[in-house]
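*Asks:* This is the structure I want to talk about, given as structure tokens.
The values are calculated or read from the model by the stated rules, or taken from the named source; none is laboratory data. This one's a predicted model, so the numbers in the text were calculated from it and none came from an experiment. With ideal geometry, Cβ positions are generated from the backbone for all residues, glycine too; neighbour counts draw on all protein chains shown.
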Amino acid sequence: MTRGIRVSTLIQLDPAELHESFVRAPGPGGQNVNKVASAVQLRFDVARSPSLPENVRERLKRLAGRRLTNDGVLVIEAHRHRTQNRNREEARMRLFELIVQASVVPKPRRPTRPSAAARERRLSEKRARAQLKSARRGQREPG
């Protein structure tokens, strides 16, 4: 039996759902950067993953932003480190952090009204500002 990757208390991913490909990393690095494919491109199919509850899937799609393809595949690239393993770990950690973030149910917003004291304070500040500006104008003499 395949052991799943525990992301949170509720979510466990099947390792077969993560598709990793290794590419050459961009940027400086000397001769090594042209020979070694140390950057990781991690793909996770958010739209078709059986491991994600529907509400987490929708929030994850919103959080993913530009990293989500039109097919619903989340693409995470990691190329900060010099080794494949460190980049692979970083890509997986970023995916898991996104999933954990998406699994948090947002607190519903309750519309509020300003208190009577706050309304009165606002209006009195407006009156004071208007009085100050009108005092600046001064009286013009006909002429």
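*Asks:* Say we look at region 110-139 and pick out the residues that are at pLDDT below 90 and either among the β-branched types (Val, Ile, Thr) or outside any helix (DSSP H, G or I) (or both); which of these is farthest from LEU42 (Cα to Cα)?
*Replies:* Checked region 110-139; the qualifying residue farthest from LEU42 (Cα to Cα) is GLN139.
The rows are residues; the columns are (1) crowded, with 19+ Cβ neighbours inside 10 Å; (2) at negative phi; (3) in contact with an Asp or Glu (Cβ under 8 Å, 6 or more places away or on another chain).
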| site | (1), (2), (3) |
| --- | --- |
| ARG48 | no, yes, no |
| VAL56 | yes, yes, no |
| LEU60 | yes, yes, no |
| GLY65 | no, no, no |
| LEU68 | no, yes, no |
| GLY72 | no, no, yes |
| HIS79 | yes, yes, no |
| ARG82 | no, yes, no |
| PHE96 | no, yes, no |
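*Asks:* PRO142 is checked against (1) modelled with pLDDT of 85 or more; (2) farther than 30 Å from ILE5 by Cβ and fails just one. What number does that condition carry?
*Replies:* (1)
*Asks:* Look through VAL104, VAL36 and report the one residue that is of a type in the set (A, V, I, L, M, F, W, C), modelled with pLDDT under 90, over 23 Å from PRO15 (Cα atoms) and surrounded by fewer than 16 Cβ atoms within 10 Å (Cβ to Cβ).
*Replies:* Only one candidate qualifies: VAL36.
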